[in-house]
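S.K.: This structure is in structure tokens; I'll ask about it shortly.
The values are calculated or read from the model by the stated rules, or taken from the named source; none is laboratory data. Because the structure is a prediction, the values reported are computed rather than measured. When we count neighbours, we look across all protein chains shown, and the Cβ atoms used for this are built from the backbone with ideal geometry, even at glycine. All accessible areas refer to the heavy atoms of the entire protein, side chains included, with ligands and DNA or RNA removed. Shrake-Rupley method; radii C 1.70, N 1.55, O 1.52, S 1.80 Å.
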Amino acid sequence: MITGKNYIGNQLSSNGDITYRTFNPKLNIENEHIFYEASSKEIEKSVQMATQAFEVYQKVSGQKKAAFLNTIAEEILALDTQLIEAYTSETGLPEGRAIGERGRTVGQLKTFANLVEEGSWVEATIDTADPSRTPMPKPDIRKMSIPLGPVVVFGASNFPLAYSTAGGDTAAALAAGCPVIVKSHPMHAGTGELIASAIITAAKKTGMPDGVFSNLNSSGIEVGTKLVQHSSVKAVGFTGSIRAGRALLDLAGQRLEPIPVFAEMGSINPVVILPKAAQTKGENLAKTYAQSITLGAGQFCTNPGLILGIKDEALDNFVQTLSNEITAIEPSCMLHPNIIGNYEKNKANALQQNGLTKTVEYANNVAINHARQAVTAVEGKTFLSNSILHQEVFGPFSIVVQCKDADELTLIISNLEGQLTGTILAEDDELTAHKNIVDALQNRVGRIIFNGVPTGVEVCAAMVHGGPYPASTDSRFTAVGIDSIKRWVRPFSYQNWPNNLLPDELKNENLLTISRQINGKQTQNSI
Ligand code: NAP
């Protein structure tokens, strides 16, 4: 049941004065529930409880954490239609998307449960002592990953489940042994509260310490700001705009004790279409890209906002087919009037730039809060000299850059800001012929795709969802997949520590039968 209250640990609480409602963009009306923004007292209490919970939770075994994560997954599924109804009424997204995203969220929780139950993820590394070494005896050193402490997670507007309350950041942080305080996204506070209730039920059922999870409502930037500034918070997870992600990074950097902010931010996801591919399969590619650009009203961080090619007849045909195909697609509802407001403003701003031409924009009447998709085109040198054209227009919008030759295309890629993904559409032999382009792209992105679309982020061990700034604030980490757990831990060494006082992961006897590196060799043997 949605109460509109905050979860401060296991307790529902609403002693703040600021209230707000969520919005149904399809019906263009406010939803019924009233939400209470977390007060300063509630913020303080949630952090205090998380700090106390950390003392216990950091030592909870992998098996018990796995039970907690698996129970969260079960409790989310048990919310059933209540959750799906809240999701669709707060986002305007269809039921199929809600069910798909719920599946992904549950899958992520179970993947992290398996990871911590198996246990080798801590990367236990043991260098045994050599007392006979001269001139100095070698000490016994043993290293493993340990959790950072309380983590603040900002819910993302565009993924109310998979990147929000119990999304990838939360699942990874809880798996690592960090208590989590979620700053709920105001656009889907009801969905967030339902998911929070599932986490709290799971925490109680599996005996987790009170305070291991809190969910704070907010309708402005104050709650998030206070949380990031709080000295007991040790890391931040965020998905959203560059403006907000950068503000949080700066805030965290100004603290007496700066902390890491893992922000996954805007990206225009360059797609390079090479000349032969444009000629041999340009028509099919245009059809595929019309779908990719408009998928989910373009509200994906991997939306293809930039298509680069070398100007010739085949590229002109590609643009023409893309324009025809995209106008044949029915516009979709965007998440919120603010999001569509930003979309229209940013699209208009791009279209005001000298040299950018509109090849097509959906012209028929559209229902309220539905986005008019658009394709635009520009010459390479104009794009290169105008950084406004490099900015994300969050929504179903793409720019095709018509370069004069391969050198100009390479130069443009080399000058692009960091991106989550880069895609090459090519015939096999073109990859070697255009090695410079491929190399340039690799230096600017976190994931490179061959003959596909960037939308659709597989959740698997090999996935990198991150990239050079501003795609993310730290390109050494991924926000998706099991390695995302590494954001919430630090390496820690024990020197000459008594065997019986070491954590099980590092004892001589391999009690957990995990894979460890002992004196340079990966093994499951005991010492
Ligand atoms: P946002 O502006 O990035 O905000 C995300 C969250 O951060 C919000 O909950 C907001 O809190 C908080 N926040 C914003 N500025 C802050 C600041 N200076 N200090 C502390 N907290 C701050 O994203 P949004 O509201 O979800 O959507 C707005 C735009 O972000 C979209 O139009 C789109 O351009 C972009 N976006 C991009 C992606 C992507 O994947 N690339 C994803 C989502 C959104 P309050 O709402 O409580 O104020």
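S.K.: Given the DSSP H assignment, sum -39500 (n - 2.57) over each helix run of at least 4 residues in the chain and divide by its residue total; what's the result at 222 nm in deg cm²/dmol, nearest 500?
M.R.: -12000 deg cm²/dmol
S.K.: Quick check on my link table: of 281/311; 110/226; 183/234; 41/64; 311/358; 404/435, which ones sit more than 24 Å apart, alpha carbon to alpha carbon?
M.R.: The answer is 110/226; 41/64.
S.K.: If eta is 0.890 mPa s and T is 25 °C, what Stokes-Einstein diffusion coefficient results for segment 1-141, Kirkwood Rh from Cα pairs, in µm²/s? Display every interim value, and only then the final one.
M.R.: Working: Rh = 19.3 Å.
After rounding, the answer is 127 µm²/s.
S.K.: Moving on. Volume per residue, Å³, of the convex hull around the alpha-carbon atoms of the chain? The partial results should precede the final answer.
M.R.: Numbers: hull volume 86.7 nm³, N = 527.
Given the Cα convex hull of the chain, per-residue volume reads 165 Å³.
S.K.: Oh, and also: How would you order 323-329, 400-406 from highest to lowest mean count of nearby Cβ atoms within 10 Å?
M.R.: So the order, starting with the most tightly packed, is 400-406, 323-329.
S.K.: Apply the Karplus parameterisation 6.51 cos²θ - 1.76 cosθ + 1.60, with θ equal to phi minus 60°, to every residue of segment 358-364 and state each ³J(HN,Hα) to the nearest whole Hz, in sequence, with x for glycine and proline.
M.R.: 8, 7, 6, 9, 4, 10, 6
S.K.: Mind checking which lysines have their C-alpha under 16 Å from residue 507, skipping anything on the same chain fewer than 8 residues away?
M.R.: Counting by Cα, and skipping residues close in sequence, residue 507 has these lysines nearby: 59, 143.
S.K.: Counting DSSP beta bridges with both partners in the chain, what percentage is antiparallel, nearest 5? Let's see the in-between values first.
M.R.: Working: 28 of 68 bridges.
That works out to approximately 40 percent antiparallel.
S.K.: Bin width 5 Å, alpha-carbon pairs only: give the P(r) of segment 412-527 as whole percents, running from 0 to the bin holding the largest distance.
M.R.: Per 5 Å bin, starting at 0, the Cα pair percentages come out as 2, 10, 14, 14, 13, 10, 9, 9, 8, 6, 3, 1, 0.
S.K.: So if I take the centroid of the Cα atoms in segment 270-344 and the same for segment 12-88, what is the distance between those two points in Å?
M.R.: The distance from the Cα centre of segment 270-344 to that of segment 12-88 comes to 37 Å.
S.K.: Please sort 96-104, 515-523 by packing, taking for each peptide the average over its residues of neighbouring beta carbons within 10 angstrom, highest first.
M.R.: 96-104, 515-523
S.K.: Specify, per residue and in Å³, the volume enclosed by the convex hull of the alpha carbon atoms belonging to segment 378-463.
M.R.: Details: hull volume 9.8 nm³, N = 86.
With only Cα atoms used, segment 378-463 gives 114 Å³ per residue.
S.K.: Cα extents of segment 67-118 along the three principal axes, largest first, in whole Å?
M.R.: Answer, in whole Å and largest first: 39, 16, 13 Å.
S.K.: Let me ask you something else. Divide the volume of the convex hull of the Cα atoms of segment 130-289 by its number of residues and quote the answer in cubic angstrom per residue.
M.R.: Given the Cα convex hull of segment 130-289, per-residue volume reads 254 Å³.
S.K.: Check cross-link reach from residue 205 to the aspartates and glutamates: straight Cα distance under 14 Å, and skip same-chain residues fewer than eight apart.
M.R.: 74, 75
S.K.: Kindly state, to the nearest 0.05, the FRET efficiency for residue 312 paired with residue 524, given R0 = 56 Å and r defined as their beta-carbon distance.
M.R.: It comes to 0.45.
S.K.: Here is a further query. What are the trypsin sites (Lys or Arg not before Pro) within segment 53-88 that DSSP puts in a loop, where the Cβ has at most 15 other Cβ atoms within 10 Å?
M.R.: Details: sites: 59, 64, 65; in loops: 59.
Of the trypsin sites (Lys or Arg not before Pro), the ones in loops of segment 53-88 whose Cβ has at most 15 other Cβ atoms within 10 Å are 59.
S.K.: Using a 7 Å offset from the Cα along the Cα-to-Cβ direction at both residue 365 and residue 469, what is the distance between the two label points in nm, to one decimal?
M.R.: With each label placed 7 Å out from Cα toward Cβ, I get 4.9 nm.
S.K.: Let me ask something else. Write down Rg/Rh for segment 319-374, rounded to two decimals, with Rg from the C-alpha atoms and Rh from the Kirkwood relation over Cα pairs.
M.R.: Taking Rg over the Kirkwood Rh, I get 0.98.
S.K.: If you count only protein heavy atoms and use a 1.4 Å probe, how large is the accessible surface of residue 127, to the nearest 10 Å²?
M.R.: 60 Å²
S.K.: Testing the spin-label approximation: label points 7 Å from Cα along Cα→Cβ at residue 330 and residue 18. State their distance in nm.
M.R.: Taking the two extended label points, one gets 3.8 nm.
S.K.: Separate question: Want the number for residue 41 to residue 129: 0.36 nm per residue separation, take away the alpha-carbon distance, what's left?
M.R.: The residue 41-residue 129 span can extend by a further 26.6 nm.
S.K.: Give or take rounding to whole Å, what are the principal axis extents of the alpha carbon atoms in segment 270-450, in descending order?
M.R.: 48, 30, 30
S.K.: With a 1.4 Å probe and all protein chains left in place, how much accessible area per residue does the chain have, in Å²?
M.R.: Each residue of the chain exposes 41 Å² on average to a 1.4 Å probe.
S.K.: Could I ask something else about it? In nm, what is the difference between 0.36 nm times the number of residues separating residue 427 and residue 257 and their Cα-Cα distance?
M.R.: 56.1 nm
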